[in-house]
1. Give me, ordered by chain and number, the residues 5 or more places off residue 50 or on other chains with an amide H under 5 Å from its own placed amide H.
2. Any chance you could check the Cα centroid distance between the stretch 29-102 and the stretch 108-156 for me, in angstrom?
3. Based only on other Cβ atoms within 10 Å, what is the fewest-to-most ordering of 52, 63?
4. Mind listing the phi-derived Karplus ³J(HN,Hα) values for the stretch 69-83, rounded to whole Hz, using 6.51, -1.76 and 1.60 with θ = phi - 60°, and x for any glycine or proline?
5. Under 5 Å between amide H atoms, partner at least 5 residues away or on a different chain: which partners does residue 166 have, H built in plane at 1.01 Å?
6. Calculate the spin-label point distance for residue 118 paired with residue 161, positioning each point 7 Å from the Cα along the beta-carbon direction, and give it in nanometres.
7. Given charges of +1 on the Cβ of Lys and Arg and -1 on the Cβ of Asp and Glu, with all other atoms neutral, how large is the dipole of the stretch 31-141 about its Cα centre, in debye to the nearest 20?
8. Summarise the long-distance tail of P(r) for the stretch 31-141 by giving the % of C-alpha pairs beyond 16 Å.
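Just so you know, all these numbers are worked out from the coordinates, no wet-lab data involved. Owing to the predicted nature of the structure, the values given are computational and were not obtained by experimental measurement. Cβ: placed from backbone, ideal geometry, glycine included. Neighbour counts: every protein chain shown.
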Amino acid sequence: MIIHRSRALVIAAAVALATVGSPGTPARAQAPPNRFATLVAAARAWPGCLGVDTGQTASGRQVIFAWFESKQALVGWYRSDPHQRAVRSAFPNQAFDREPLPDTPEDSGPILAIVSLKLLEAPRPDGGGLPIASIGIELYTPLPGGVAVGGRFAPDAVKVRGLREIDLGTVQGRP
């Protein structure tokens, strides 16, 4: 009982530190501009998409987090009209004919796609496409383990083997 309570207090302290953060760091998490609202809405409605969240990093990158239930769902989204329109609007003179995810096993399980985008301050000199300074599309899959106190970042539909989910009231000593 004492060990269990001590562990709960350590977790509560870690959550409190993470919540408070460093006083010198400004809070800048925001949703990307409305120009991406249609794309985000389409992704949320896509079959096999488990959830989408957006934000902005302290370095100014706009970020979209999209969870898909499988490789098949993600490849379907990649080939979808809304995604292909977004690609063409960003890179109007570029053809992308590569097969998506050739090295990803069909049974990979859920996949988190993180799109990070940094825009240029000024329009592109050639006048075409979005003024992109950099864009990264990275894919991740959950590892077993972890802890979630009072909730988690991933949607509930993303099942993580070995994830410990703890009610915040329990950690704070409430029944």
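1. 67, 68, 69
2. Taking the Cα centre of the stretch 108-156 as reference, the centre of the stretch 29-102 is 8 Å away.
3. On the way: 52 20, 63 17.
Result, fewest neighbours first: 63, 52.
4. 6, 6, 4, 4, 5, 5, 5, x, 5, 3, 7, 5, 4, x, 5
5. Under 5 Å from the amide H of residue 166 lie the amide H atoms of 148, 149, 150, 151, each far enough along the sequence or on another chain.
6. Reported label-point gap for residue 161 and residue 118 is 3.7 nm.
7. Numbers: 10 positive and 11 negative charges, 86 e Å.
For the stretch 31-141, the charge dipole is close to 420 debye.
8. 61 percent
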